[in-house]
Amino acid sequence: MQKPSVLKSRKWLPAGLPVMLCLCVLGSILTAAILSSNIFYSELLFRSTTSVATVSRGQLVLPHSLLNQIADLQTQVGVLLEQLHGASAESKALTTFADQLLHIATSLDKFAKALSDFYDSNSSGTNEVSTVDEDFSDPDESEINQGSDTHSFNSGELHNYTALKPNRPIGKKNFLGVEAISPSVGLLCANMASNVDRFMGYKIYRMCPDDWDIAQKLMISGCDPLPRRRCFSKTPPRYSKPLPINSSLWSQPADTNIMWSHYKCKDYSCLVSNGTIGKRGFFKCSNCFDLSKRGWEIPTNESTSAEFTIDEVLRLKPGEIRIGLDFSPTTGTFAALMKERNVTIASATLNLGAPFNEVIALRGLLPLYLSIGSRLPFFDNTLDIVHSTLFLDGWMGLDLLQFVLHDWDRVLRPKGLLWVDRFFCKRDELKMYLDEFSRLHYKKLLWRVVPKTDKLEDESFFSAVLEKPLRS
């Protein structure tokens with residue numbers, strides 16, 4: 001069984017080696033050209049798998065990923081040498097090829113060392129970030145909120161992350177059908193380079209900075225997905241085991257299981273106390289942390305209540321609603337009520353001034369840490385229900401609303417339910433928003449519009465349960 005593979009290897013080597021040698025030589029020439037150049041290729045930063053050099057104060061600053069590319073060439077040459085070593089030498093041609101590869105490998109080693117020395121000597125004389133553990137200065141809020149003109153990333157670890165990750169062995173496709181993995185990073189991260197550099201400023205295999213608040217600001221501003229990191233997340237120092245599921249749904253989580261460093265409240269009682277209203281650091285879903293069912297004790301008067309009961313909605317599809325999504329500012333109460341009815345709900349929310357995601361998880365439910373600008377991480381036509389409450393409001397422009405609704409439509413299965421719960425806006429804008437929902441051509445199963453009387457008199461609530469149609 002081994003003999004055919006050996007013969008195949010011999011047959012391939014003489015034909016394939018010149019090509020590989022040319023690629024190695026070409027790579028060396030291109031690398032040397034980059035070294036001798038002083039051109040700033042900022043526009044190519046995310047358009048190529050090759051990271052580029054940058055110029056600072058008239059001096060060339062080499063990209064950290066250039067070393068990775070040399071290492072990849074060394075690996076490829078090593079694979080060829082190994083194959084040559086395992087093959088039987090039948091001609092002087094193979095011996096010559098082996099000698100040439102050995103010389104190239106030696107040259108690459110010397111070149112990589114010289115490149116490393118050059119990089120270190122230049123970066124030591126500047127203030128630019130070129131290693132994985134620099135730049136812990138406070139973030140520039142204006143850059144996060146408005147973007148920046150710079151597209152130059154200085155973090156070596158970011159370049160390490162975005163560099164193409166070849167399979168082993170090199171050149172072989174994996175089960176995904178690709179020869180290498182291209183790690184993902186959000187397009188708008190390029191407009192927030194200094195803060196992305198700061199986010200990637202850590203020591204590998206050491207403790208991550210406690211900077212989730214910076215990460216969330218980047219996500220909300222469009223730098224999503226964020227790059228992965230090679231550091232360990234901090235944990236609450238006195239973490240205790242969670243409660244069993246039969247009691248965790250409606251029990252207040254222990255303070256010791258939450259890291260409070262970036263919240264105004266420093267314990268759970270602050271989140272629910274009447275004395276801290278207006279001082280908690282959050283206002284959306286102000287009663288979310290009161291883990292009771294009282295918020296779902298809905299009035300039956302249709303002229304004043306814009307809400308539907310869960311049982312009322314589930315009766316529309318008896319036995320058919322099994323899995324779904326709640327996209328709301330929430331601590332998981334809707335998901336908990338649905339769990340009691342044997343329906344699994346993922347709760348998508350951010351930590352907007354309070355530990356929303358931590359509480360969802362401590363209740364034994366599934367948190368989905370997701371920004372409004374992100375595509376849902378579900379496949380097409382898979383969910384039975386999508387629910388949203390006090391989230392789709394009149395603050396949302398029509399373009400964004402259209403993209404959100406169509407993404408929700410994408411993940412809903414045919415005949416699945418879209419439950420819009422208490423959408424509110426100004427009364428004179430209501431028709432404009434209702435027209436957008438009508439353009440989905442969903443069947444109206446439940447539909448209600450009532451005045452919103454808690455604050456302004458010129459606002460209205462809109463709630464609906466809509467059924468996705470079959471499409472061919």
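The values are calculated or read from the model by the stated rules, or taken from the named source; none is laboratory data. Here the structure is a predicted model, which means the values were calculated and not measured. Positions of Cβ are generated from backbone atoms using ideal geometry, with glycine treated the same way; all protein chains shown enter the neighbour counts. In case anyone asks, the SASA skips ligands and DNA or RNA and just uses the protein heavy atoms, side chains included. Shrake-Rupley method; radii C 1.70, N 1.55, O 1.52, S 1.80 Å.
Candidates are the residues of segment 411-431 that are out of contact with any Phe, Trp or Tyr (no Cβ under 8 Å at 6 or more places or on another chain) and open to solvent by less than 40 Å² (accessible area, probe 1.4 Å); the one that is farthest from ALA335 (Cα to Cα) is ARG413. Scanning segment 343-395 for residues that are open to solvent by less than 10 Å² (accessible area, probe 1.4 Å), among the acidic types (Asp, Glu) and under 27 Å from CYS265 (Cβ atoms) returns a single hit, ASP393. Among residues belonging to segment 196-239 that are of a type in the set (S, T, N, Q) and over 23 Å from ALA335 (Cβ atoms), point out the one that is surrounded by the most Cβ atoms within 10 Å (Cβ to Cβ). Across segment 196-239, the extreme among qualifying residues is SER221.
The residues in segment 310-357 that are in a helix (DSSP H, G or I) and of a type in the set (Gly, Ala, Ser) can be counted, and the count is 2.
Scanning segment 231-247 for residues that are in contact with a helix residue (DSSP H, G or I) (Cβ under 7 Å, 6 or more places away or on another chain) and touching a residue at least 40 places away in the same chain (Cβ under 8 Å) yields a single hit, PRO242. Evaluate segment 457-465: report whether one residue or more is surrounded by 11 or more Cβ atoms within 10 Å (Cβ to Cβ) and in a helix (DSSP H, G or I). There is no residue in segment 457-465 that is surrounded by 11 or more Cβ atoms within 10 Å (Cβ to Cβ) and in a helix (DSSP H, G or I). In this structure, does SER286 turn out to be open to solvent by less than 60 Å² (accessible area, probe 1.4 Å), under 26 Å from ASP213 (Cα atoms) and more than 29 Å from the chain's Cα centre (by Cα)? Spelling it out, it is not the case that SER286 is open to solvent by less than 60 Å² (accessible area, probe 1.4 Å), under 26 Å from ASP213 (Cα atoms) and more than 29 Å from the chain's Cα centre (by Cα).
Considering only segment 446-461, I want to know if a residue exists there that is modelled with pLDDT under 95, among the aliphatic types (A, V, I, L, M) and touching a Lys or Arg at 6+ places or on another chain (Cβ under 9 Å). Checked segment 446-461: at least one residue is modelled with pLDDT under 95, among the aliphatic types (A, V, I, L, M) and touching a Lys or Arg at 6+ places or on another chain (Cβ under 9 Å). Quick check: anything in segment 403-413 modelled with pLDDT of 95 or more, β-branched (Val, Ile, Thr), part of a strand (DSSP E or B) and assigned by the TED database to the domain that holds ASP326? No, every residue in segment 403-413 fails to be modelled with pLDDT of 95 or more, β-branched (Val, Ile, Thr), part of a strand (DSSP E or B) and assigned by the TED database to the domain that holds ASP326.
Within segment 255-282, being assigned to a loop (DSSP other than H, G, I, E, B), in contact (Cβ under 8 Å) with a residue 24 or more places away in the chain and not charged (D, E, K, R) holds for ILE258, MET259, TRP260, SER261, HIS262, TYR263, CYS265, GLY281, PHE282. The condition (being in contact (Cβ under 8 Å) with a residue 40 or more places away in the chain and in contact with a Leu (Cβ under 6 Å, 6 or more places away or on another chain)) is satisfied by just one residue among GLY186, GLY222: GLY222.
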